[in-house]
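Take a look at the structure below.
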Amino acid sequence: MQPSQIGGDEGERFDLRRVEDALADCIEVFLKGEAGFEATIERYPEHKDELLALLNVVSSLRCLPEDIGPSPAWRRQTKAAILAKITGEQSGD
């Protein structure tokens, strides 16, 4: 099986590239406000189930704040760990 294919029951396969292209098209059309997800999915009836699942994820991600990022505590801890690693490597550890 090629990496761009996913096998299903009874040897069914679908080309992952086609699903990716369909998903990208659905997202692009939706973000431009040209159509909703349901109308866009109608263009790809052979990938309807896959697209519905993926577009549900996309829809939920749109609810996240745009300024989401690592917490200040995580930044401090990561910076300290990186500096410790660099210092340790320079001293021969």
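The values are calculated or read from the model by the stated rules, or taken from the named source; none is laboratory data. Quantities reported herein were computed from a predicted structural model and do not represent experimental measurements.
Residue by residue through the range 50-93, note down the ones that are under 27 Å from ARG17 (Cα atoms) and of a type in the set (S, T, N, Q).
Once the filter is applied, which keeps residues that are under 27 Å from ARG17 (Cα atoms) and of a type in the set (S, T, N, Q), the range 50-93 yields ASN56, SER59, SER60.
Which residues, counting only those in the range 4-19, are at pLDDT below 50, part of a helix (DSSP H, G or I) and of a type outside the set (Asp, Glu)?
Within the range 4-19, just GLY11 meets the criteria.
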